[in-house]
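For reference, the structure is listed below as structure tokens.
Laboratory data are not the source of any read-out in this text; all were calculated from the coordinates shown. Treat the numbers as computed from the prediction; the structure is a model and nothing was measured. Counting neighbours? That spans all protein chains shown, and the Cβs are built from the backbone with ideal geometry, glycine included.
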Amino acid sequence: MLLGLLGVAAVAGSAWVLYLDLLVTRQFEGRRWTLPALVYAAPLELYAGLPLPAAELAHELERLHYRRVTQLDRPGTYRINGGRLDVALRPARFPDEKRDAQLLSIFTGADGIESLRDSAGHEVPVMRLEPLLIGSIFPSHGEDRIVVTPQEVPPLLPAALKAVEDRRFDSHRGVDPQAILRALWVDARAGQIEQGGSTLTQQLVRSYFLSSRQTLGRKVREAIMAIALDAHFTKDDLMNAYINEIFLGQDGDRAIHGFGLASQFYFGKPLAELDLPEIALLVAVVRGPSYYDPRRHADRVLARRNLVLKELAEQHVVSAAEAAQAARRPLGVSPRPAGAYYPAYLDFVRRTLRRDYRDQDLTEAGLSIYTSLDPRAQDAAERALERELARLDHVKKHAPDHSLEGAVVVTEPQSGDVIAIVGGRDVGYDGFDRALDAHRAMGSLVKPFIYLGALESGRYNAATVVQDQPVDVPLPGGRHWRPENFNHDVNGPVPVVRALADSLNLATVGVGLDVGLPKVAETLQRFGLERPPEQVPAMLLGAVNVTPLEAAQLYNGLANGGFRNPLRAVRAVIGADGKALKAFPVQVTQVATPEAVYQLDRLLIAVMDRGTGRSARPLLPAQLVVAGKSGTSSEFRDSWFAGFSGSDLTVVWVGYDDNTPTGFTGSAGALPVWAHIMAGLNERSWNAPMPDGLVDIEIEYPTGLRALPGCAEDRVSVAVPAGVQVQPKPGCGFPDNGNLTTTLTDRAHQWIHELFR
Amino acid sequence: MKTGGRIASTACSALVAIVLAACAGRPPAPYERTPGATPGTRSPGSAQPPAPAAPGERPPAPAARQYRLGPAANALVAQAHTQANGGEFAGAAATLERALRIEPDNPLLWVELGRLQLQQDNAAQADSMGRKALSLATGDPDAQAAAWRLIADSLRARGRNGEAAEADSRASTLSPR
């Protein structure tokens, strides 16, 4: 009977052990395959002629956590010697190329990079730095990790882990009775739990099953599983699993697992490059990532790190001198966690990819995602938004008890690359992404599309005089729509260039009604507005809701000569095996003629030089040609600015989340943010080539009459189709019959055509 | 006035596209391309302006500017050709885009991108890229001709032979082969 019971118990016990064995083995095997997708910024291309001064170049290397040294000793280091910068590039993977570690010498002068040479002294035409890791797409339970292979682990790390956490790791069978006894002894003497006595294998098991409660039952279960793991796998496998598994920090919803990610999270560089004090710090954190959070409890962590160093010296893992030297080093932790820099941008990346990939593919399949993000543009956008919103909060007129919000999108118009996104003033906060989700009235941002339609009709040009006069549009139900100008005045006859530059509502409504609401709606849709706008007269003053990203899509076509390209954040997706899975190549579609867009862009330049954008001029380089348009929605609820140079388009929105009026026009709110961003990027002037068939003329800004220096003070330069009649200003010495430009250009065109015949 | 420096005299700016050299020595015309004058971070600019004429000298004949590829873009284009010849179209496109980020306004790169699209039987996109190239190639008859030839080939690929012949003849007029 007793024997029978014992037999049953033995069978049940064995079954339980077998079950635990199966469970932990499966967990171990399965864990190797869940790798969150890694997301990379655009790499910096280096080439002769890049106007990047040596100091900024060094800054870009520091951003990638290259270390400045006097002797290049390993990948990830650089040295500066006068105008020569030598860098030991790390091995890197790009969507189209895997590159080994190599030496590169960069010669810089006053204008930037003059030449690049390889280690043999041969000229290198172009070389890119490795892309900055900007984050990962981890599963909803929050575990993020970068898995490292044993080859990527500095040998010091396992040695240090064993010395501090599990001295008999190499010889025990999963549990270490000696360590348990020792721990009990220490605990008994201290009267509190100071040492766990758990082996690395036990810690691994605990991490797999997320059990923080320490009951006796769990301890037994954990011990059985540890013994099972030890029986099935080699010590090397277990050590590698531990290094990739263990919890090492928390960042909001994101749990930092494994030393590979912890190295990026705390130091911003690959695990292989960590030195003694850095490794000692991570080993110190293992004991309690929250209690020993290096960013919050620096003193406590420093003490524990130095204790680890002392232990390493005592156990002869390192020499006493090395340990003492390392103990004098500061913690060296980067101020902000890497990979949490750009939540709004990552949000756009995730949404782009969710069209093509299941969540599970993104969070488990070890994909590498290469994006267009330009860290320099992103930094400039974040800084400008934070600083200017703080200033605007200070000066705001309405002063509600909450603070202003804002969003920024920056693109490279020619490719449609989105190079920066800021989703709110708390740039590190992964919450409401205003750049993608705030649908706000576009206000006067709509006006360029009205004038584009007008230019396309052939009935309007920059000098065409339109009437800025009261408008009364009868609406269904006997109501009337009577818009007003911003400052309630009426300006009478004005040229188109001024109507747009000064953002005159009445004149623009007149033009819009003449062009027709369907035409305006169609123009917006051609440029990329996805939802058809409601065709009501108020549409002409911007009663069309768009997100900052949609506004950027619309203006990108204006910045790109009338070609639309789908804005893109993701350039390529590479599988865990290194094979390209998906590419998102540049695509262009012509949506307007170069002639119409050129004329419009010149009007938008007048906005910056003469109109509502002029307050940005003192903040920008004097020679920089930029084009743009302010937008203010009704009752100052939304303050917009959209504008571009030859290299970048930036859209800024400023407002309150609850739609309270801000008291700021586009020029007062969004424009200074815009100007600071553009001033912080190394912009090229807008310089689209003037299409054949257009001519440059100067007209008087208030009247639209043809003018010359000397006969009119207040002039503005515009482009008009050759042959249009522009009324000359009396006394300017134009021929009586009208138009100097026309005659000159007609002759010139004839001449040029003869040349090519 | 702050914009004054950016605005050359009317006569000069009206004519500058046609006789660039005639305005040499004056401040650059406002919204004309002044290639190479203000290179930005992401573009070294590589269209070569005609040599400025000495004062009093007769302006050189054609307005032509000539786009060339800078050394970096040139190396990348060569690499892209190798990739495309090996059937690696996605890699070739990625390489051409690297060049494009260095010289986004160079019509020759848009022609290259379009040619690559054509090799992948994407004639509509090739056509668009040809038109993009054309819009940037103003003043460079060789680049304009290259764009028209791309457009012609992309039309032919879609069986639009009449339009293709017209595009070809435009190309020949601009720059006889």
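Counting only other chains, and only Cβ atoms inside 10 Å, what mean value do you get across the residues of A:576-586?
3
What does the net charge come to around A:Val153 if you take all other residues with beta carbon closer than 12 Å to its beta carbon, with K and R at +1 and D and E at -1?
In short, -3.
Over the Cα atoms of the stretch A:553-687, how large are the radius of gyration and the largest Cα-Cα distance (Dmax), in Å?
17.3, 56
For the stretch A:192-328, state the semi-axes of the equivalent ellipsoid (square roots of 5 times the eigenvalues of the alpha-carbon gyration tensor), sorted largest first and rounded to whole angstrom.
Working through the eigenvalues yields semi-axes of 26, 18, 16 Å.
Quick one: of A:Lys447/A:Lys629; A:Lys447/A:Lys519; A:Lys447/B:Lys132; A:Lys162/A:Lys269, which pairs are farther than 20 Å apart, Cα to Cα?
A:Lys447/B:Lys132; A:Lys162/A:Lys269
Take the alpha carbon atoms of the stretch A:285-412, find their radius of gyration, then divide it by 2.2 N^0.38 Å using N residues; give the quotient.
Rounded to two decimals, the normalised Rg is 1.60.
Cα centroid distance between the stretch A:566-626 and the stretch A:465-494, in Å?
Value for the Cα centre distance between the two parts: 33 Å.
Quick one: helix A:258-267 against the long Cα principal axis of chain A, what's the angle to the nearest 10°, folded into 0 to 90?
50 degrees
In whole Å, what is the distance between the alpha-carbon centres of the stretch A:433-451 and the stretch A:280-352?
Answer, in whole Å: 45.
Can you list the aspartates and glutamates whose alpha carbon sits under 20 Å from that of A:Lys235, skipping same-chain ones fewer than 8 residues off?
A:Lys235 reaches A:Asp21, A:Glu29, A:Glu152, A:Glu165, A:Asp166, A:Asp170, A:Asp176, A:Glu222, A:Glu245.
Using the Cα centre of the protein assembly as shown as the reference point, and only Cβ charges (+1 on K/R, -1 on D/E), how large is the resulting charge dipole? Debye, rounded to the nearest 20.
820 debye
Which ³J(HN,Hα) values, rounded to whole Hz and listed in residue order, are derived for the stretch A:324-333 from phi using the Karplus coefficients 6.51, -1.76 and 1.60 in 6.51 cos²θ - 1.76 cosθ + 1.60 with θ = phi - 60°, glycine and proline given as x?
5, 5, 5, 5, 7, 6, x, 4, x, 7
Angle check, please: helix A:670-680 long axis (alpha carbons) against the longest principal axis of chain A (alpha carbons), in degrees 0 to 90, nearest 10.
70 degrees
Report the one residue of A:Val308, A:Pro294, A:Pro335 whose Cα lies farthest in the direction of the positive end of the charge dipole of the stretch A:291-363 (charges on C-beta: Lys and Arg +1, Asp and Glu -1; origin at the Cα centre).
Final value for the positive-end residue is A:Pro335.
Taking the Cα-to-Cβ direction at A:Leu103 and at A:Ser615 and moving 7 Å from each Cα, how far apart do the two end points lie in nm?
5.6 nm
State the answer as a single residue: which of A:Val408, A:Ala321, A:Val175 lies farthest towards the positive end of the charge dipole of chain A, with beta carbon charges of +1 for Lys and Arg and -1 for Asp and Glu, about the Cα centre.
A:Val175
Angle between the Cα long axis of helix A:54-63 and the longest principal axis of chain A, 0 to 90 degrees, nearest 10?
Roughly 50 degrees, rounded to the nearest 10.
In terms of modelled amide H atoms, which long-range or inter-chain residues lie less than 5 Å from the amide H of A:Lys582?
Those lying under 5 Å, H to H, from A:Lys582 are A:Val573.
If I model a spin label at A:Ser115 and A:Leu475 as a point 7 Å from the Cα along the Cα→Cβ vector, what separation in nanometres do I get?
Here the answer is 7.0 nm between the modelled labels.
Ranked highest first by average number of other Cβ atoms within 10 Å, how do A:308-316, A:484-492 line up?
A:308-316, A:484-492
Based on the Cβ-Cβ distance from A:Leu6 to A:Thr149, what FRET efficiency comes out when R0 is 41 Å, to the nearest 0.05?
Efficiency, rounded to the nearest 0.05: 0.30.
Taking the Cβ of A:Arg387 as the center, what net charge do the other residues with Cβ under 13 Å away carry, scoring Lys and Arg +1 and Asp and Glu -1?
Once positives and negatives cancel, what remains is -2.
Report the extension gain between A:Ala580 and A:Asp658 in nm, rounded to one decimal, defined as 0.36 nm multiplied by the number of residues separating them, less their alpha carbon distance.
The A:Ala580-A:Asp658 span can extend by a further 23.7 nm.
Under 16 Å from a point 7 Å along the Cα-to-Cβ line of A:Gln325: which residues of the stretch A:59-91 have their amide N that close?
So the set is A:69-74.
Put one equal scatterer on each alpha carbon of the protein assembly as shown, apply the Debye formula with no solvent term, and list log10 I(q)/I(0) at q = 0.04, 0.07, 0.08, 0.09 1/Å to two decimals.
-0.24, -0.67, -0.83, -0.99
Give me the extension gain from A:Arg358 to A:Arg387: residue separation times 0.36 nm, minus the current Cα-Cα distance, reported in nm with one decimal.
Going from the current span to full extension adds 6.6 nm.
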